[in-house]
1. Any idea how far apart Lys184 and Asp96 come out in nm if each label point goes 7 Å out from Cα toward Cβ?
2. Report the extension gain between Arg311 and Glu296 in nm, rounded to one decimal, defined as 0.36 nm multiplied by the number of residues separating them, less their alpha carbon distance.
3. Could you work out how much longer the chain between Thr192 and Leu255 gets when fully extended? Use 0.36 nm per residue separation minus the Cα distance between them, nm to one decimal.
4. Take the Cβ-Cβ distance between Glu133 and Glu165 as r, set R0 to 22 Å, and report the resulting FRET efficiency rounded to the nearest 0.05.
5. Would you mind computing, in nm to one decimal, how far apart the modelled labels at Lys280 and Val267 are, each placed 7 Å from Cα along Cα→Cβ?
6. Just how many % of Cα pairs in the stretch 209-328 lie over 19 Å apart, if you round to the nearest whole percent?
7. With the other protein chains left in place, how much accessible area per residue, in square angstrom, belongs to the stretch 235-322 at a 1.4 angstrom probe?
8. Measure out, as a whole number of angstrom, how far apart the alpha-carbon centroids of the stretch 232-248 and the stretch 308-323 sit.
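The values are calculated or read from the model by the stated rules, or taken from the named source; none is laboratory data. As the structure is a prediction and not an experimental result, all values here were calculated from the model. Note: ideal-geometry Cβ built from the backbone for every residue, glycine included; neighbour counts use all protein chains shown. Accessible surface areas use protein heavy atoms only, side chains included; no ligands, DNA or RNA. Shrake-Rupley method; radii C 1.70, N 1.55, O 1.52, S 1.80 Å.
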Amino acid sequence: MAAPVRLFARKILRDFSGNVCFSTSRVTAGSIHCRAPHSGRCLSNDAGDRSTHFGFETVLEEEKAQKVYQVFENVAQKYDVMNDAMSLGIHRLWKDVLLHAMNPQPGARLLDVAGGTGDIAFRFLKYIESQEEKMRRREAKIMQTPSWQDISTSYAGEQDAVPQESKAVVCDINKEMLKVGKQKADSMGITTGLSWVVGDAEELPFGDNEFDIYTIAFGIRNVTHIEQALQEAQRVLKPGGRFMCLEFSKVSNPLLSKIYDAYSFQVIPVLGEVIAGDWKSYQYLVESIRKFPDQEEFKDMIDDAGFYCVRYHNLTGGIVALHSGFKL
């Protein structure tokens, strides 16, 4: 009897939260603590006998993680070049949309899971820098002709202000991808506010309630247990924190879908062979997109993980979808 009551209460709370909207990510200051991975997976003793998909191939669950690791180890050096080639550069616009929807404020702490070569983290830090510059210009403009109230408020603010440092943590299970990301950061002169951590999306090496924002871009479809990864995202976010996922999804327009399928299966693996010398890895990436849940099904999975105000927006006709939810 208790279980149905709990489910009913949870549904009421979700329905209520559907009327609650957030325009910006929750911003608080604080430190980030790493911890040893926990054994949070809810698997039975016979989990080793379970099968899953690796693209269109059926494999044992215990084999998928190693196969995915091998894919990204193989393509790490050419990963960014291939992203530009495969998407004709449009992936940059998709990631910009993610940042503008996120609208992070100074002091925010970001965890970018499967962040690999750092594209989201770099954009985050650049966006924060632009926000700080806007604040400085606004304050300078006010102080050009200050009133006594402005002077008093400014003085009080200086006395009470606590320095807030924005921080981006890139977490990826693949060391080769992180290596490429670090090299990019060095070449861009990014030395502060950024750290790189080797970690599994299903067993994140961080404590509870650590981050204001959790992002995962084009990575969650490669996770063996998506539900577990979503639960981990919920765990490490602070109350009021935001989950954001950018991922390939399902195209609704029949004509665009046919063109997209033809391009995916006939062109992308060829590009992978020519540019990265790896046909099979990009064949897998194309197939993994087709095995990923559609927009509504993935939205339901995020709901089931305990997030509220879950929404999604289709980009480029549904080729990509941006899902978002909040931890209350």
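1. Distance between the two pseudo-spin positions: 1.6 nm.
2. Fully extending the segment from Arg311 to Glu296 adds 4.4 nm.
3. 18.0 nm is the gain from fully extending Thr192 to Leu255.
4. Numbers: r = 16 Å, r/R0 = 0.73.
My answer for the efficiency is 0.85.
5. Result: 2.6 nm between the two label points.
6. 50 percent
7. 43 Å²
8. Cα centroid of the stretch 232-248 versus Cα centroid of the stretch 308-323: 15 Å apart.
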